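A short reminder: the numbers here are calculations on the coordinates, not readings from a lab. None of these values were measured; they are calculated from a predicted model. In this analysis, Cβ positions are derived from the backbone assuming ideal geometry, glycine residues included, and neighbour counts consider all displayed protein chains.
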Ligand SMILES: NC(=O)c1ccc[n+]([C@@H]2O[C@H](COP(=O)([O-])OP(=O)(O)OC[C@H]3O[C@@H](n4cnc5c(N)ncnc54)[C@H](O)[C@@H]3O)[C@@H](O)[C@H]2O)c1
């Protein structure tokens with residue numbers, strides 16, 4: 001395992017690319033959007049510079065890490081990879097078409113992993129002719145900081161593929177934990193109903209944003225409140241995950257709350273769009289709770 005490709009350079013893709021590059025893998029970061037690639041490059045450079053300032057890494061590490069990443073909008077640049085990690089929008093049709101492309105163009109021994117938060121790895125594997133080499137590699141946000149990799153075995157994943165991904169995750173100084181392939185796996189099956197409930201409480205006027213988050217931080221010891229976490233994940237991503245769980249597990253409790261749907265329709269997606277439950281415009285950052293919810 002030396003050459004890694006990451007498809008999708010959004011919130012997760014750029015963190016995954018940075019992490020592999022820091023541990024001296026050659027990384028190709030591919031996206032169809034050049035704007036997204038430019039933002040990814042800025043983000044990665046800023047994160048690495050912050051690490052140098054905190055003396056977590058040296059100036060030389062920064063230079064090597066930057067050198068290890070190729071930013072590309074040409075799909076041919078991902079072909080010669082030992083591992084391709086798909087991290088595009090949480091939409092099964094988009095993911096299926098990418099899996100088909102990777103499967104038809106990459107060598108037979110290439111492992112294909114998805115960073116999906118909820119979509120069936122078994123269904124993605126069935127698109128390919130290498131079902132045993134398809135696996136879920138679910139990194140947490142922000143990738144360079146969070147220790148966990150939730151490793152999802154589809155019903156076809158071979159023991160060899162799982163072992164390879166477990167060992168690789170350890171090389172990134174992460175802790176991999178395996179789960180079986182159910183909608184939302186473990187992390188989101190437990191997290192998303194909490195976020196949905198927090199949004200419903202807000203909608204019903206039980207408390208304002210600050211107090212809902214404050215109660216969960218102070219009372220439950222969570223490092224971040226559920227509404228702030230939803231903004232960090234992306235409200236569109238939260239909605240998509242809940243929809244996959246609602247479809248797959250067929251229980252009302254997973255249905256995305258009306259307010260969440262409304263915010264996504266209004267383009268308020270959290271940190272990445274500049275506004276969600278909090279305002280992230282430059283001057284105010286996350287301090288200011290949007291007037292509508294106070
Ligand atoms: N945001 C989180 O906290 C989080 C955490 C864990 C897992 N995930 C999962 O990671 C994946 C990516 O989420 P994200 O938050 O980074 O999304 P994002 O919206 O920030 O980025 C998605 C990227 O995919 C690109 N893209 C879309 N279609 C493409 C295609 N056909 N080919 C190449 N690139 C394409 C977009 O241009 C964009 O840059 C999703 O499956 C999501 O469920 C997200």
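Here are the numbers for this structure:
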{"item": "Those residues of the range 243-260 whose amide nitrogen sits under 13 Å from the label point placed on residue 197, 7 Å along Cα→Cβ", "result": "253-254"}
{"item": "Where labels lie 7 Å past Cα in the beta-carbon direction, separation of residue 147 and residue 255 in nm", "result": "3.9"}
{"item": "Value of relative contact order over the chain, rounded to a whole percent, pairs C-alpha under 8 Å and six or more apart", "result": "13"}
{"item": "Degrees between helix 92-105 axis and first principal axis of the chain (Cα, 0 to 90, nearest 10)", "result": "10"}
{"item": "Burial ordering of 94, 190, fewest other beta-carbon atoms within 10 Å first", "result": "190, 94"}
{"item": "Span from the the range 7-83 Cα centroid across to the the range 89-142 one, whole angstrom", "result": "20"}
{"item": "Order of 35, 243, 126 under a 10 Å beta carbon neighbour criterion, fewest first", "result": "35, 126, 243"}
{"item": "Computed E for residue 24/residue 186 - FRET, C-beta separation, R0 35 angstrom, nearest 0.05", "result": "0.70"}
{"item": "Candidates 164, 178, 128: whichever shows maximal mean-square fluctuation once the chain is modelled as a Gaussian network with Cα springs under 10 Å", "result": "164"}
{"item": "Computed label-point distance, nm, for sites residue 108 and residue 66 using a 7 Å Cα→Cβ extension", "result": "4.2"}
{"item": "Gyration tensor (alpha-carbon) shape descriptor, the chain, a/c threshold 1.5", "result": "oblate"}
{"item": "Spacing of the two label points (7 Å from each Cα toward its C-beta) at residue 281 and residue 93, in nm", "result": "3.5"}
{"item": "Burial ranking of peptide ranges 61-70, 216-225 (average Cβ count within 10 Å, highest at the top)", "result": "61-70, 216-225"}
{"item": "Helix-only mean residue ellipticity at 222 nm for the chain, each DSSP H run of n ≥ 4 adding -39500 (n - 2.57), per residue, nearest 500", "result": "-14000 deg cm²/dmol"}
{"item": "Length released on extending from residue 77 to residue 211, taking residue separation times 0.36 nm less the Cα-Cα span", "result": "43.4 nm"}
{"item": "Per-residue Cβ neighbour rank within 10 angstrom, fewest leading, 191, 249", "result": "249, 191"}
